[in-house]
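Below you'll find the structure, written out as structure tokens, and then a few comments.
Nothing in this text is a laboratory measurement; each read-out follows from the coordinates by a stated rule. A quick note: this is a predicted structure, and the numbers were derived from the prediction, not measured. Because the Cβ atoms are built from the backbone with ideal geometry, glycine has one as well, and the counts that use them run over all protein chains shown.
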């Protein structure tokens, strides 16, 4: 019955729409086409540019390096996206990351001192850090949802609290003392192919000096891909995710539809904090050290990735996929500039500029479409 | 009594002000009742009591002849009383199906374990209820933001109907609409009546009232000053009731 009924009104509607101004219709088509894709187009153009600009950019190894150094931004951008979709912001992610990097190392150190096997110590230490790492998010969420503190203030205060606690734990120096296993995992790869064609998983084969082994996919990239994939699914396909979009779209609609808005907001900030702590653990394994400001400079990148990916700061829009495109634009820029010998400060300027362009583009596309 | 919804002696005071003063009204199934009155006459307060936003100081509400305990909007919804506010309370960034099922999403099992949103079936159900109400929306995959005011109204109404509204309260349903869209919404009200739904319309537009309402109730300063059968009255008489010039001779 539905199929019998629907074509007629649809045809009538289309007839009306195409009767309008031809030029306007064409402009609309142009905007509609580029509206969703300009981020991707920009990424491709940027990559092509650096392939010509810097020697050795266009190879598998660069791609892996790019992803390897990108993981923290991928995780923090995903964290930030959840909050931004609700119309909030989480300024604390960078320092939660630093806090978690220190906490994980301190716990693992203690566990090993207690005589635990390094592997088990790493596992328990990481799990414990994730649990502790949710706490800042729960506090943020409670402040925002139950006490009506503006997200900017709540998370900005949390930034300070995490920074301070981190420095207290380590007395202003670095946290160190991870077992070698941690760096093996953090800097290791999923697959190694020796020149003979012999492939090994996780374990780098022993070869003669000067013989290069093909390394495929850093472990932390695999972990990050899986985690980001899971959270992409949660945001796009779960009831929680739907509620997050509804809250960002219309708080009033969400409330009247009986959505437990306060609980959902709490969940969103906890999610953000969880992902930031995971970033902290990854950082610890990557650099075999932890420090308070480990993620300080990543906040701009994370928010920029989300916004470049087309999410509105007013909430209600944005996807993990497009946020990852935004993050890749920054990662390509970062590595491309490094490889072409440009000072890294240029990156900050360029990210800022791209961010502004992204916002203007999005506004323009939305008006057209 | 064959009333679907009945209020008996509903009274609500805000401090020294009696916003609603012993109002008794009845609504039958398939009937549209217009509640009229000047600003501050108490019609909004009355509606908010019925939809559970305010608790009355005195009086009872009956649904289908049985005493209904309505102390929150959720209680009202459970009784089948749905309210369409002027702002519609739709999530503009979501599609039609998602809005109709907002807060009550349909899930399906994916790969045997994961519960995922079943957008396909939500859209199909949305289409069914839209068809039932003879509402045409070009694509259910589009977000509410892309729909016209009348289409949004229709989606909000469809949501109530899908969730078994017996009584639909509409607050200024045509206020923000163009002429063609107003007509569509009024047609929709007729369709709803045909399906046995009781409708309470709050409106300033005399035209709407005479177009679709069967009865009208006029409030002034919290008091129900008159009830009329629409086809037995005139706009002049109604205006007289609203501003208070006609009652002097009739009621005293």
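Calculate for chain A the 222 nm mean residue ellipticity that helices alone would give, adding -39,500 (n - 2.57) per DSSP H run of length 4 or more and normalising by residue count, nearest 500 deg cm²/dmol. Show your work: numbers first, answer last.
Numbers: 15 runs with 270 residues, N = 369.
Rounded to the nearest 500, it is -25000 deg cm²/dmol.
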Helix A:239-249: inclination vs chain A longest Cα principal axis, degrees, rounded to 10, gives 60
Part-to-part distance (alpha-carbon centres) for region B:74-114 and region B:168-227, which is given in Å:
25
Please give, to one decimal in nm, the separation of the simple spin-label points placed at residue A:52 and residue B:55, each 7 Å out from Cα toward the Cβ.
7.4
Ranking of B:84, A:65, A:120 by count of other Cβ atoms within 10 Å, fewest first
A:120, A:65, B:84
For chain B, the Kirkwood Rh over every pair of distinct alpha carbons, in Å, works out to 19.1
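Quick check on the exposure proxy: order A:47, A:86 from fewest to most C-beta atoms within 10 angstrom.
Working: A:47 18, A:86 27.
By the 10 Å Cβ count, ascending: A:47, A:86.
Let me have the 222 nm mean residue ellipticity of chain B computed from DSSP H runs of 4+ only, each contributing -39500 (n - 2.57), with the sum over all residues rounded to the nearest 500.
On the way: 9 runs with 84 residues, N = 252.
When only DSSP H runs of four or more count, the value is -9500 deg cm²/dmol.
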Please report the base-10 log of the normalised intensity I(q)/I(0) for region B:144-250, using a Debye sum with one equal scatterer per alpha carbon and no solvent, at each q in 0.14, 0.18, 0.23 (1/Å).
-0.61, -0.92, -1.28
In which sequence would A:233, B:14 go, from the one with the fewest C-beta neighbours within 10 Å to the one with the most?
B:14, A:233
As a Kirkwood estimate from alpha-carbon pairs, chain A has a hydrodynamic radius in angstrom of 22.4
Return the whole-Å distance between the Cα centroid of region A:138-158 and the Cα centroid of region A:164-219.
38
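Would you mind giving the average projected area, over all directions, of the Cα convex hull of the protein assembly as shown in nm² with one decimal? Intermediate values should be presented prior to the final figure.
Values: hull surface 150.3 nm².
With every direction weighted equally, the projected area is 37.6 nm².
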Acute angle (nearest 10 degrees) that the helix A:219-237 long axis makes with the longest principal axis of chain A, alpha-carbon atoms
30
Between residue A:340 and residue A:214, the two model label points (7 Å from Cα along the beta-carbon direction) sit apart by a distance in nm of 3.0
Could you work out how far apart the two model spin labels at residue B:69 and residue A:169 are, taking each label as a point 7 Å from the Cα in the direction of the beta carbon, and quote it in nm?
5.0
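Express the relative contact order of region B:1-135 as a whole percentage, based on alpha carbon pairs under 8 Å and six or more residues apart in sequence.
Working: 183 pairs, mean separation 25.5, N = 135.
Relative contact order of region B:1-135: 19 percent.
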Region B:22-57 to region A:268-331: how many Å between their Cα centroids?
51
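Could you grab the Rg to Rh ratio for region B:1-101? Cα atoms only, Kirkwood for Rh. Display every interim value, and only then the final one.
Values: Rg = 14.9 Å, Rh = 14.8 Å.
Ratio of gyration radius to Kirkwood radius for region B:1-101: 1.01.
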Most packed first (mean Cβ within 10 Å per residue), the peptides B:226-237, A:333-344 order as A:333-344, B:226-237
Kindly express, to the nearest 10 degrees and within the range 0 to 90, the angle between helix A:320-339's C-alpha long axis and the longest C-alpha principal axis of chain A.
50
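If I stretch the segment between residue A:61 and residue A:127 completely, what's the gain in nm (0.36 nm per residue apart, minus their alpha carbon distance), one decimal?
Working: separation 66, 0.36 × 66 = 23.76 nm, distance 3.12 nm.
Taking residue A:61 through residue A:127 to full extension adds about 20.6 nm, to one decimal.
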